[in-house]
Amino acid sequence: MKDRYILLGTAKGLIVYRKAAEGWTYHQELFLGIPVSFAISNPHNGDWWVSLDHRHWGPKIHYSNDHGKNWHEVDAPRYPAGTRIKDDIDATLRYVWIIEFGVEPGTMYLGTEPGGLFVSYDYGGHFSLQTALWEHPSRTEHWFGGGRNYAGIHSVVVDPANKDHYYVGVSCAGVFETKDGGNSWLVRNKGLRAEYLPDPYVEVGHDPHFVTISKSDNKVLWQQNHCGIFRSTDAGASWKDITDVQGRGKYGFTIGIDHQDPLKAWVVPATSDAMRIAIDRSLFLLYTSDGGNTWLELRDGLPQRNCFDIVLRHALDVSGRELVFGTSGGSLYVSENGGRVWESLNHHLPRVFSARFT
């Protein structure tokens, strides 16, 4: 049987769990002491990729083709000379939010702060800035930092049926779509709400916290937003607010979906933007099996007292009936039955930025 792993990007390195006969076990730690902002396995060849957030040296990109025994660094992308965030601020790479892979082998995307999308067609041999997005007329006036100094592309959403069709989620700006491989971009924020702005229904200025697409129905997209949970059934042309009627899911960072069933999704709610802690100091997930018409609380196996943990935007993953998430307080949980019962694997990890099955 193929070895299976969980890759955890944490504030103190890459931590790996391995699936064994007795269940998930702690396997190894790599890049010890260095923040790993994101870690993922390449679906085309199984290579592991990480983005490092060196406090002194800045962002770095590494990959391993032997499950972490050896690592190879690729040159981190550079903003072209003369590129400006605004007239008086040079654009330099500050953070790599996400690594995503294209439909065709060799293609990979990096979503970054200050809001640039980089693409490589040779697995990191060369990265280029997608200038049409960077030069979008909305960027200089209507993109702004959501928790960091500058706008960040944290979601790259690839249509599994079309190599030239993908979306990005930008905090703060919203969702943008390309149908021609990045040569042109459409704003896809109709139906979203930005309650923190004077006009909540502006075209650009929204804060999707994480955006994802159904692999079984590429017209269905989901997002956990700063202002609720939203779903699209028309390929992003419009969004519907599907937040639970009690409003428990109005604020949170992450969303995971069932790629075999476009009606199923899980979120981990938090109290509010001003108070980023677990609701009522109890950790739970909200689950829908009907496209957000109804939501069920999943609490079995999770702490229900004195818990302050939240789950960051990349720290939840779904693989069939298996789910995994890591928390801001360093706890790790897995479920083998769609989230109905949870097993704790660790309560003493560093802050978890990302969690991904291989």
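Quick one: grab the alpha carbon gyration tensor of the range 194-328, order the square roots of its eigenvalues as a ≥ b ≥ c, and give me rounded if a/c is under 1.5, else prolate or oblate depending on whether a/b is larger than b/c. Numbers along the way, then the final one.
On the way: a/c = 1.86, a/b = 1.13, b/c = 1.64.
Here the range 194-328 falls in the oblate category.
Provide H348, H44 in ascending order of the number of other Cβ atoms located within 10 Å of each residue's Cβ, fewest first. Working shown, then result.
Values: H348 8, H44 15.
The fewest-first ordering by Cβ neighbours comes to H348, H44.
Taking K and R as +1 and D and E as -1, what net charge do the other residues with C-beta under 13 Å from the C-beta of F38 add up to? Before the final figure, lay out the partial values.
Details: positive: K60, R313, R356; negative: D53, E100, E113, D317.
After counting each charged neighbour, the total is -1.
For every helix of n ≥ 4 consecutive DSSP H residues, a contribution of -39,500 (n - 2.57) applies; sum these over the chain, divide by its total residues, and give [θ] at 222 nm rounded to the nearest 500 deg cm²/dmol. Let's see the in-between values first.
On the way: 2 runs with 8 residues, N = 358.
Using -39500 (n - 2.57) per qualifying helix, the result is -500 deg cm²/dmol.
Any idea what the relative contact order of the chain is, in percent, if you count C-alpha pairs under 8 Å spaced at least 6 apart?
Details: 1005 pairs, mean separation 40.9, N = 358.
Reported as a whole number, the value is 11 percent.
Under a Cβ-Cβ cut-off of 14 Å, what is the net charge of the residues other than H142 that fall near it, where Lys and Arg count +1 and Asp and Glu count -1? Each step should come with its number before you reach the end.
Working: positive: K86, R139; negative: E135, E141, D199, E203, D207.
So the surrounding residues net to -3.
Let me check against my output: what whole-number percent is the relative contact order of the range 100-151, with C-alpha pairs under 8 Å and at least 6 apart?
On the way: 64 pairs, mean separation 13.1, N = 52.
Once divided by the residue count of the range 100-151, the mean separation gives 25 percent.
Could you work out the relative contact order of the range 153-303? I mean the mean sequence separation of Cα pairs under 8 Å and 6+ apart, divided by the number of residues, in percent. List each step's numbers first, then the result.
Values: 383 pairs, mean separation 22.2, N = 151.
The value is 15 percent.
Decide, for the range 197-250, between rounded, prolate and oblate: order the square roots of the alpha carbon gyration tensor eigenvalues as a ≥ b ≥ c, take rounded if a/c falls under 1.5, and otherwise choose prolate if a/b is larger than b/c, else oblate. The partial results should precede the final answer.
Details: a/c = 2.08, a/b = 1.33, b/c = 1.56.
Oblate, since a/c reaches 1.5 and b/c is not below a/b.
Residues of the range 180-213 with backbone nitrogen within less than 17 Å of a virtual label 7 Å along the Cα-to-Cβ line of E141, please, listed as ranges.
What the label zone holds, given the 17 Å backbone N cut-off, is 187, 198-206.
Just report the Cα centroid separation between the range 251-316 and the range 12-51, whole Å.
Distance between centres, Cα-based: 23 Å.
Can you work out the FRET efficiency for the pair R321 and D66, with r the C-beta to C-beta distance and R0 = 22 Å, to the nearest 0.05?
Numbers: r = 29 Å, r/R0 = 1.32.
With a Förster radius of 22 Å, E is 0.15.
Loop by DSSP (not H, G, I, E, B), at most 11 other beta-carbon atoms within 10 Å: where is the longest site-free stretch of the chain for trypsin sites (Lys or Arg not before Pro)? Before the final figure, lay out the partial values.
Working: sites that count: K2, R55, K69, R305.
Answer from the scan: 70-304.
Modelled label-to-label distance, N306 and S344, 7 Å Cα→beta-carbon offset: nm?
Label at N306, label at S344, 1.1 nm between them.
Within the range 283-358, which GluC sites (Glu not before Pro) sit in a loop by DSSP and count at most 16 neighbouring Cβ atoms inside 10 Å?
On the way: sites: E297, E322, E336, E343; in loops: E336.
Taking the range 283-358 and a limit of 16 other Cβ atoms within 10 Å, the loop GluC sites (Glu not before Pro) found are E336.
Which order results if D164, D207, D199 are arranged by neighbouring Cβ count within 10 Å, fewest first?
Numbers: D164 13, D207 23, D199 8.
By the 10 Å Cβ count, ascending: D199, D164, D207.
I want the local charge near G338. Using Cβ-Cβ distances under 12 Å, sum +1 for each Lys or Arg and -1 for each Asp or Glu among the other residues.
On the way: positive: K264, R321, R340; negative: D258, D261, D300, E322, E336.
Result for the neighbourhood of G338: -2.
Using a Förster distance of 51 Å, how high is the FRET efficiency between R4 and D199, based on the Cβ-Cβ distance and rounded to 0.05?
Working: r = 47 Å, r/R0 = 0.93.
After rounding to 0.05, the efficiency reads 0.60.
Counting other Cβ atoms within 10 Å, keep those with at most 16, restrict to DSSP loop, and tell me which chymotrypsin sites (Phe, Trp or Tyr not before Pro) in the range 166-258 are left.
Details: sites: Y166, Y167, F176, W185, Y196, Y201, F210, W222, F230, W239, Y251, F253; in loops: W185, Y196, Y201, W239, Y251.
Passing both the DSSP loop test and the Cβ count: Y196, Y201.
Please work out which option in (1) 22.8, 71; (2) 20.8, 73; (3) 19.0, 58 gives Rg and Dmax of the Cα atoms in Å calculated from these coordinates, and answer with its label.
(3)
How do 151-160, 129-138 rank on mean C-beta neighbours within 10 Å, highest first? Walk me through the numbers before you get to the answer.
Details: 151-160: 22.1, 129-138: 16.5.
With the highest mean Cβ count within 10 Å placed first, the list reads 151-160, 129-138.
Mind counting lysine pairs for me in the chain? Cα separation below 19 Å, and the two need to be 8 or more apart along the chain or on different chains.
Within the chain, the lysine pair count is 21.
Given the options G256, G146, G58, state which has the largest fluctuation in a GNM of the chain using a 10 Å cut-off (strictly under) for Cα springs.
For the chain, modelled as a Gaussian network with Cα springs under 10 Å, the answer is G58.
Which shape class, rounded, prolate or oblate, goes with the range 164-214 when its Cα gyration tensor gives a ≥ b ≥ c as root eigenvalues, a/c under 1.5 marks rounded, and past that a/b bigger than b/c marks prolate?
Values: a/c = 2.65, a/b = 1.89, b/c = 1.40.
Prolate, since a/c reaches 1.5 and a/b exceeds b/c.
Rule-based calculations on the coordinates, nothing more; no lab input. Here the structure is a predicted model, which is why all the values come from computation and not from measurement. Every residue, glycine as well, gets a Cβ built from its backbone with ideal geometry; the counts of neighbours run over all protein chains shown.
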